[in-house]
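Accompanying notes for the structure given below.
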Amino acid sequence: MTAVLTWQQLHDLKCDELLDAADGWAAVSTQADAARDRISDEMVRSLEATQKGMAAPAALGRLRRLDRNYDYIRTECGLVRTTLNSLVYELIGFQSQLKDALDDAASLGFTVGADGSVSYPAGGQNLITKDPIPGGSVTGGSLLLSRPPTPNAPQPGLINPNPNVGKAQDIADRILRALTAAREADEQFSTALNRLKAEPGLDVTESTWKDAAADSAAVRKVTGDYLKKTIPTGGTPADRHEWWTHLSASQRDEYLAACPDIIGNLDGVPSVVRDEANRDNLRMLIGKLSGEDSDAARAKLAGLQSIDYQLRVEPAPGVPPMYLLGIGDQGNGRAIVAFGDPDKSRNVSAYVPGLGTSLDADFARNDVQRARDTVKGARVYDPSSASIVWLGYDAPQLPAEKLADNLDVMSPRDAVAGAPAYNEFMAGISATNENTDPHITAIGHSYGSLTVGQAAQRPGGIPGADDIILVGSPGTGAHTADQLGVGKDHVYIGAAKNDIVTKLPNPGEAVSALEGFKAGFRSGSAQGVVPGLISGLAGSFTGYEVGDAITDESQIYFGTDPANHEFGARRFATGDGPPLFDVDPSHLKLGDIEAHSNYFNPEKDRQSADNIARIVAGRADKITTQEPR
């Protein structure tokens, strides 16, 4: 039978000893972290650089397994430390309540029994006999333990005229309240600690990280008051940066161990810290999703595994290290990936992808590569450059096979919802950047340009942004470039000749055009990032007169065409891209829409990629231009 905590044990508890134990677990966690760093930063990289024989892959595999093992040890030991610290935090409060009650009992001459009962002396006077009213004993529980006692509240039954009874009852109730709360905390924390046990063996697998994710959730459940409430999630990114800066190294370690998903996604926390937290959170998410059986979970798992692999591979020449600034499985998934440290780089860009983007293998392959290509190009002009892909919102999802029946889903709703989150992230970039006057560029591609446009039109604009680049844009919701907050001369547009997305008619005209060619479209073959947008067809693009005539050539799906002269932005040169349509007398055949996807790719559109790189590097004076429409 499990022993029940007594008031005497609670009174005598030496919380300093528990804190010492927590410090011991913290030391083990720190040592494991240091060992992991030595393996990954020294041994693995050295072996990759110097050993090319057949034995090298096997040795690298063993080292990476050891790296994972140390990472798991660091995480679990950190959770033990946090659990013990949180338990002390709770028990100190209950112990203080108990001691206050015992002090009051001693000052009144009352005696507290081993069972928590309180004995009181004789007091008052019998009105008839004039004798003192005898003393007695009371136990806690006369009042609701879930709330403090109400002074002078009437009690059921006869009232003992001894004036010491009420005082003794109050003390007994306070003792019982403190002891009951301490027992509940002891049970909850013991359960959490008992979870923190590893299976026998040396191999840390996805199943192990799934268990670690459950461990973290269990610890979070019982330590919520201790840590979570102290994280300034409601403050500004600048406030959070100030908060983190003033934490001790031990406090930072504790937050990283217990709340990696919060700290890793908290705008205003330094990039290297977010990266460390998110690498742990990434492995836990992989473990969690590997146990789920759904198409959505499998798609996210594939994206997470690809990002995990890329984080472990030595960067290609000219590409700086990769940082994971955000990760999560909520909605369609979240991922923020940087190449180069955004805190130390003088030039920082943050690119928002568009329609159909979600956390999956395509995102990890295509959108992450766009950020990689951008930073590689920018560093030709200024080595102090970092590039980010920001999937911090739910972009609209339009399955190509259902597009013809779902054009109405192409609304600004998701862009409007995502704009505040993007601005929050950009405010965090400004708060943590160590340069006196960093050069910040906001980039939006496809529907992502609408998200950037909506962010720019919010009060104050995009925090810290000096330049805005919009490529493959179906519109921003703004009538002119001046409405985007950086001045029209700092808004840059890329619109390939054969990119139909940049020429989408307004929604009513698009539906009319779609009805006229629905059958022909469904027989076509679309490739690229946004196959759904073939619906735009736009008579103005192909020369066909379909449905209602377009009355204002400057207006496209989401307002004024950014590439139109009325918008007033600077249009930079791009390649034309392959033609969209092959037409013969008998039918319309859909061709390739990859012109919409080539803007960042130096192999497929060198002009566009170079111009984006120049702008990002702060060398917009070197871009090649193109006349607006």
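Calculate, in nm to one decimal, what ARG312 and HIS479 gain on full extension: separation in residues at 0.36 nm each, minus their alpha carbon distance. Spell out each step's value before the answer.
Values: separation 167, 0.36 × 167 = 60.12 nm, distance 4.46 nm.
Working it through step by step, the gained length comes to 55.7 nm.
Go ahead and run the numbers for FRET between THR111 and SER248, Cβ-Cβ distance against an R0 of 45 Å, rounding to 0.05. Please report the intermediate quantities before stating the final value.
Details: r = 44 Å, r/R0 = 0.98.
That gives a FRET efficiency of 0.55.
Have a look at the DSSP beta bridges in segment 327-470 and tell me what percent are antiparallel, nearest 5.
Bridges in segment 327-470 that DSSP calls antiparallel: roughly 30 percent.
Apply 1/(1 + (r/R0)^6) to the Cβ-Cβ distance of GLU434 and ALA296, taking R0 = 56 Å, and write down the FRET efficiency to the nearest 0.05.
Working: r = 39 Å, r/R0 = 0.69.
Taking R0 as 56 Å, the efficiency between GLU434 and ALA296 is 0.90.
Would you mind calculating the gained length between ALA122 and LYS14 on full extension (0.36 nm times residue separation, minus the Cα-Cα distance), in nm to one decimal? Can you show the working numbers first?
On the way: separation 108, 0.36 × 108 = 38.88 nm, distance 3.59 nm.
Gain on stretching ALA122 to LYS14: 35.3 nm.
Could you line up PHE425, PHE94 from fewest to most neighbouring Cβ atoms inside 10 Å?
Numbers: PHE425 26, PHE94 22.
Sorted ascending by nearby Cβ count, the order is PHE94, PHE425.
Cα-Cα over 29 Å: which of LYS288/LYS376; LYS300/LYS488; LYS99/LYS130; LYS376/LYS488; LYS344/LYS604?
Numbers: LYS288/LYS376 34 Å; LYS300/LYS488 39 Å; LYS99/LYS130 36 Å; LYS376/LYS488 27 Å; LYS344/LYS604 31 Å.
Violating the 29 Å limit, Cα to Cα: LYS288/LYS376; LYS300/LYS488; LYS99/LYS130; LYS344/LYS604.
May I ask you to compute the full-extension gain from GLU566 to ASN194, defined as 0.36 nm times their residue separation minus their alpha-carbon distance, rounded to one decimal in nm?
Values: separation 372, 0.36 × 372 = 133.92 nm, distance 6.68 nm.
Result for the pair: 127.2 nm of gain on full extension.
Values quoted throughout were computed directly from the atomic coordinates according to the rules given, and no laboratory measurement underlies them. Model, not experiment: these values are computed from the prediction. Quick reminder, even Gly has a Cβ in these numbers, built from the backbone with ideal geometry, and neighbours come from all protein chains shown.
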